[in-house]
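First comes the structure, then the notes that go with it.
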Amino acid sequence: MDPTLTRRGFLPAADPLTRFPAGSPLEPLDDLGRDLPSLLEDANARTFLREFPIPRWPTDAVSPADLPALRLYYVRLGFVASGYVNQVGPAPATVLPRNIAVPFAHACRLLDRPPILSYDGYALYNWKRFDPAKPVALGNIDTFQNFVHLYDEHWFILVHVEIEAIAAEALAAIEAGANAAAANDAGGLDAALTHLAANVNRMAAVLRRIPEKMDPHVYYRAFRPYIRFFENVVYEGVEQTPMSYRGETGAQSSVMPALVSFMKVPHAPSTLTNHLADMRRFMPADHRKALEEIAALPDPRPLASADAYNAVLEAMAVFREVHFGWADLYIHQRVADPRGTGGTPYRQWLQQLVDETRGHKK
């Protein structure tokens, strides 16, 4: 496993770049990003954004040294594109104008991902630390790009960022457990699984904090619309056939798929699991590769004790139940909306995943 994963989880190896260098041709995007929440409050936002001279990413290839800046470019343009299409107030736009669509699609091709803002741009690359010497944790982190001025949106993103930071220990436990299983070391495997269960419980404890600073009405009405899917949108200058893409959703995080892959939890094939599999297209390419590597690890179930193995499954089920509870409070109780931001029938989906996780216990 890549050492970065066990040190940083699925967060970038270094803290995200938050601004382009002074004097860079890309620097105007920082000002546009800063002003975007105010612009989206105005009825003329789409006119302004259609006329804004968005600079193109300057190369047709990308090196590892370019990635921090390219990710920042993707964040800035991803927010602009979703803000344009899903602006609160008017009906969703059916055409993404050329000045946004062409540079955004180019950057997304370089990142090997569909041209829409996903979980990586909304959360994984969208944070900074107040004190770089302190952990990536609530109280020491903030976002640098948002759709609205309200702190509720910051909090929603930052809860996910801390969960991703905690997950680095989960990936380290997965690596330790896989090594123990390969060595037929039952004691070592149980120790790794015990650590893994405790780590997942820590993630669930952070997820429970969502209501502390996020009002359900603000979430549903003010910023959830901006992270919804694109449906039949023409990317002007890129593709004249209307395109549909899944919106930002926590289902695009690689954390839970990594746990499912390691624990070999069998989810029954269905339309819902097809949705889940499709979410991987919206993950960073290196995360997709990591999930393939984890799926190829030996099954820990035969060697593990029932207590240690089942503790991980129970922690996973509890995490999913907390998520289900917030989906019910923040979405279903607002409007009986059968689709989440990713375009999935989330209530039936989440309950299925909870039941099948517990059903795999020894």
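The values are calculated or read from the model by the stated rules, or taken from the named source; none is laboratory data. Quantities reported herein were computed from a predicted structural model and do not represent experimental measurements. Cβ coordinates were reconstructed from backbone atoms using ideal geometry, including for glycine residues, and neighbour counts include every protein chain displayed.
List of remarks:
- For region 280-305, the set of residues classified as more than 15 Å from the chain's Cα centre (by Cα) and in a loop (DSSP other than H, G, I, E, B) consists of 296, 297, 298, 299, 300, 301, 302, 303, 304, 305, listed by residue number.
- Residues being in a loop (DSSP other than H, G, I, E, B) and under 23 Å from residue 282 (Cα atoms) - total across region 120-136: 3
- Residues that are modelled with pLDDT under 75, part of a helix (DSSP H, G or I) and β-branched (Val, Ile, Thr) occur in region 328-340; there is at least one.
- Residue 142 meets the conditions (1) surrounded by fewer than 21 Cβ atoms within 10 Å (Cβ to Cβ); (2) of a type in the set (Asp, Glu); (3) within 15 Å of the chain's Cα centre (by Cα) in every case but one. The failed one is (3).
- Looking across region 23-59 at every residue that is touching a residue at least 40 places away in the same chain (Cβ under 8 Å) and acidic (Asp, Glu), the one that is surrounded by the most Cβ atoms within 10 Å (Cβ to Cβ) is identified as 30.
- Residue match in region 137-144 (condition: of a type in the set (D, E, K, R) and assigned to a helix (DSSP H, G or I)): no
- Residue 87 falls short on exactly one of the conditions (1) among the polar types (S, T, N, Q); (2) surrounded by fewer than 20 Cβ atoms within 10 Å (Cβ to Cβ); (3) farther than 30 Å from residue 129 by Cβ; (4) touching a residue at least 24 places away in the same chain (Cβ under 8 Å), and that condition is (2).
- Subset of region 244-270 (residues that are assigned to a helix (DSSP H, G or I), over 16 Å from residue 314 (Cα atoms) and of a type in the set (S, T, N, Q)): 252
- Among the residues of region 60-72, those identified as surrounded by 15 or more Cβ atoms within 10 Å (Cβ to Cβ) and at pLDDT 95 or above are 66, 67, 68, 69, 70, 71, 72.
For (1) among the polar types (S, T, N, Q); (2) closer than 30 Å to residue 301 by Cα, each residue gets a yes or a no:
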| site | (1), (2) |
| --- | --- |
| 106 | no, no |
| 115 | no, no |
| 125 | no, no |
| 129 | no, no |
| 143 | yes, no |
| 155 | no, no |
| 170 | no, yes |
| 182 | no, yes |
| 187 | no, yes |
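- Taking helices (runs of 4 or more DSSP H) as the structural unit, those lying wholly within region 10-94 and holding at least 2 residues that are of a type in the set (Val, Ile, Thr) correspond to 67-85.
- Within the option set 260, 265, 234, being crowded, with 16+ Cβ neighbours inside 10 Å and touching a Pro at 6+ places or on another chain (Cβ under 6 Å) holds for one residue only, 234.
- Single unsatisfied condition, residue 349 versus (1) surrounded by 18 or more Cβ atoms within 10 Å (Cβ to Cβ); (2) more than 16 Å from residue 267 (Cα to Cα); (3) at pLDDT below 75; (4) not polar (S, T, N, Q): (2)
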